[in-house]
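Okay, so here's the structure we're looking at.
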Amino acid sequence: MLACALTAVADKGSLSLVPSVRECVEGNGSYRLVLDVGWKGSDWYDFDAVGRALCQARIVRRNDGALPAEGYSLNVTTSGVEISSSDAAGAFYAEQTLRQLATIENSNVVSFACVTVRDWPQYRWRGVLLDEARHFLGKVAVKRVLETMARHKMNVLHWHLTDDQGWRLDVPGHPALVKYGARRRQSVVFGSHARWLPPRYETQYEYDGVPYGPYYYDGDDIREILAYAKARHVMVVPEIEVPGHMRAFLAAYPECSCVGPGLPREPRCGWSIDDDVLCVGNDDAVNRYLDVLDGVCKMFPDASYIHIGGDECRRGRWKACESCQRRLREIGEESEDALQAWITTKVVRHLEGVGRRVVGWDEVLAGNVPTSTVGMTWRSEASGGAGTAFVSAATAVRRGHDMIMTPAEFCYLDMPQGLLNDPFPYYAPWTAPITLEKAYAFDPCAGIPESDRFHVVGGQASIWGECVHNVCDLEWKLWPRGCALAEVLWLGADKPGFEDFARRMTVHLNRMRTWNVIFAPLD
Ligand code: ACM
Ligand code: ZN
């Protein structure tokens, strides 16, 4: 091996790993490779020099059952690499760290800094939510996000594929879903959503008059994306909303609404929430939804979790619907809120019967639902949740629910970034700007007593799609704040602090440039 070109460094921070690692001792020199592997790529990520070096590197892999799940140890010496882990994900994350230790000396020579690392994650759900119901992004965008997630050791894609504004999944046996649900008559003019502030909330959009879609994924697309995700140890969790946010489903099956077959067969064109929801008093409507869910489960055979939405379900149609009122009497309840708990419980039992766990937005916890239901917190305090009582994460874990945390004020990355010059328009800011520092300050366990923290399984960056029109827009908003959240979710309370993170990020952004990732500046 040739001598090392890297300067010896004194602490783990100077390697500028993102996320940082738990234990790190630097050695002298580097493992240097003169590349002899030719281009082998099936996509652009395979064409990078570091990827080629990783294919060629001498890597000894060992199993070490003493390491925590997804954890690893990594030893780079001047003559090669040793990786130990107790599972395949740990070995994969060791390689992601190794990738970040690389210096591209020239197009033919890559060196990896000598180092010994021991590392493991704090949380097992380290996610990103993508919303393709509002704007369809397509396979290239999804794969780009999956790749960048994996390089930051993130492991769940929460895929918001259904909402009032679109249905993006061709479920076998249900062609009407994409025939009617995957297109819109028109959309909100890009930028006019800046008026999305109460009291003009619903009425002040401008519409473009341009038909949108049909845009959706078929079975082949899903298989391709799932294979891509699996190779990167990312679980893909589809979200199939019930009982609200399902106007696109009702476009396909208007008879499943409380209004009945006369409901216009089109998704909602404006943003915000539709009044029409699933008629939970109608057994046929409920069974139709369950049948669609069965089809979704077949399309996502490895998804141990299915997200059923459950947020912001308006109650007006249920109040006026004879069938729903009959259901309410049947279950001996008076408030329509009980109908949401009833349908949630029914869906939870159904999905658990086929071996899946259910995740729902925090609204689903308001009723008496099984404690096996995983809650996803987006509201951090009681706030206009369509008549539902608010259940905080602290209350939910006390009751025994596992929780995933994505509180809007830290984790909704479609919100402004607080940049000095930001060329992209955003939502009306209904949270204060989420700066990089604010994202880094996120603590998934905030307010949760020590004894209940084992119920906090993780968190996620959530990027809603109303103002995300394409992959450039998406990545600009997702990174680098997503890097901050990745570090929070990997290291938990052991994160080194924002100053340290910001310093590493100045180096890491250059690294991401070599990965072809689009990102916003640091401030
Ligand atoms: C949500 O933001 N309605 C989950
Ligand atoms: Zn009804």
*Selection from segment 89-115 of residues that are assigned to a strand (DSSP E or B) and buried (at least 20 other Cβ atoms within 10 Å of the Cβ)*: A102, V110, S111, F112, A113, C114, V115
*Residue in segment 259-306 that is nearest to the chain's Cα centre (by Cα), counting only those that are of a type in the set (G, A, S), part of a loop (DSSP other than H, G, I, E, B) and within 16 Å of ligand 2 (Cβ to nearest atom)*: G281
_Suppose we filter segment 96-142 for residues that are under 22 Å from the mean Cα position of the chain (by Cα) and of a type in the set (D, E); how many remain?_
2
*Does D452 satisfy the condition of being charged (D, E, K, R) and either in contact with a Ser or Thr (Cβ under 7 Å, 6 or more places away or on another chain) or assigned to a loop (DSSP other than H, G, I, E, B) (or both)?*
no
*Being part of a loop (DSSP other than H, G, I, E, B), basic (K, R) and modelled with pLDDT under 90, is that true of even one residue in segment 32-40?*
yes
*For segment 311-361, which residues satisfy the criterion of being among the basic types (K, R), more than 23 Å from I225 (Cβ to Cβ) and more than 16 Å from ligand 1 (Cβ to nearest atom)?*
R317, K319, R326, R327, R329, K346, R349
*asked:* Name the single residue that is farthest from the chain's Cα centre (by Cα) among those in segment 500-523 being surrounded by fewer than 19 Cβ atoms within 10 Å (Cβ to Cβ), over 21 Å from G459 (Cβ atoms) and among the aliphatic types (A, V, I, L, M).
replied: V507
_Those residues of segment 230-258 which are within 16 Å of ligand 1 (Cβ to nearest atom) and part of a strand (DSSP E or B), in sequence order_ = V237, P238, E239
*Looking only at segment 312-336, count how many residues are without any contact (Cβ under 8 Å) to a residue 60 or more places away in the chain and either outside any helix (DSSP H, G or I) or away from ligand 2 (no atom under 15 Å from the Cβ) (or both).*
6
*Answer yes or no as to whether G497 is away from ligand 2 (no atom under 16 Å from the Cβ), under 27 Å from A94 (Cα atoms) and either basic (K, R) or more than 21 Å from the chain's Cα centre (by Cα) (or both).*
yes
*Meets criteria (in contact with a His (Cβ under 9 Å, 6 or more places away or on another chain), surrounded by fewer than 18 Cβ atoms within 10 Å (Cβ to Cβ) and in contact (Cβ under 8 Å) with a residue 12 or more places away in the chain) for D274*: no
*Answer yes or no as to whether I308 is in contact with a strand residue (DSSP E or B) (Cβ under 6 Å, 6 or more places away or on another chain) and within 16 Å of ligand 1 (Cβ to nearest atom).*
yes
*Filter result for the condition that a residue is under 19 Å from D164 (Cα atoms), in a loop (DSSP other than H, G, I, E, B) and either out of contact with any helix residue (DSSP H, G or I) (no Cβ under 6 Å at 6 or more places or on another chain) or within 16 Å of ligand 2 (Cβ to nearest atom) (or both), over G309, G355*: G309
*Of the numbered conditions (1) within 30 Å of P68 (Cβ to Cβ); (2) part of a loop (DSSP other than H, G, I, E, B), E466 satisfies every one except a single condition; which is it?*
(1)
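Residues checked against (1) away from ligand 2 (no atom under 16 Å from the Cβ); (2) surrounded by fewer than 21 Cβ atoms within 10 Å (Cβ to Cβ); (3) β-branched (V, I, T); (4) at pLDDT below 90:
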position	(1), (2), (3), (4)
D422	yes, yes, no, yes
Y427	yes, yes, no, yes
D443	yes, yes, no, no
P449	yes, yes, no, no
D452	yes, yes, no, no
G459	yes, no, no, no
*Quick one: in segment 396-408, of everything that is buried (at least 17 other Cβ atoms within 10 Å of the Cβ) and outside any loop (DSSP other than H, G, I, E, B), which residue is modelled with the lowest pLDDT?*
A408
*Return yes or no: is G360 more than 16 Å from ligand 2 (Cβ to nearest atom), in contact with a helix residue (DSSP H, G or I) (Cβ under 7 Å, 6 or more places away or on another chain) and not in a helix (DSSP H, G or I)?*
yes
*Determine whether segment 344-366 contains at least one residue that is of a type in the set (S, T, N, Q) and under 20 Å from M246 (Cα atoms).*
yes
_Condition first: within 16 Å of ligand 1 (Cβ to nearest atom) and more than 29 Å from V457 (Cβ to Cβ). Now tell me which residues in segment 275-305 satisfy that._
D275
*Working only within segment 201-215, note down all residues that are surrounded by 14 or more Cβ atoms within 10 Å (Cβ to Cβ) and either at pLDDT 90 or above or not in a loop (DSSP other than H, G, I, E, B) (or both).*
Y207, D208, Y212, G213, P214, Y215
*Looking at (1) over 23 Å from R183 (Cβ atoms); (2) out of contact with any strand residue (DSSP E or B) (no Cβ under 7 Å at 6 or more places or on another chain); (3) touching a residue at least 24 places away in the same chain (Cβ under 8 Å), can you tell me which one D283 breaks?*
(3)
*Across segment 462-484, which residue is farthest from ligand 1 (Cβ to nearest atom) among those that are aliphatic (A, V, I, L, M) and within 18 Å of L419 (Cα to Cα)?*
A484
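Yes/no per residue for (1) out of contact with any strand residue (DSSP E or B) (no Cβ under 9 Å at 6 or more places or on another chain); (2) free of Cβ contacts under 8 Å to residues at least 24 places away in the same chain; (3) among the hydrophobic types (A, V, I, L, M, F, W, C):
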| residue | (1), (2), (3) |
| --- | --- |
| C467 | yes, no, yes |
| D473 | yes, no, no |
| N510 | yes, yes, no |
| A520 | yes, no, yes |
| D523 | yes, no, no |
_Qualifying positions in segment 373-395 - over 21 Å from the mean Cα position of the chain (by Cα) and either over 25 Å from S272 (Cα atoms) or modelled with pLDDT of 95 or more (or both)_ = A394, T395
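The values are calculated or read from the model by the stated rules, or taken from the named source; none is laboratory data. Note that the coordinates shown come from a computational prediction; the quantities given were computed from them, not determined experimentally. No Cβ is skipped: glycine too gets one built from the backbone with ideal geometry, and neighbour counts run over all protein chains shown.
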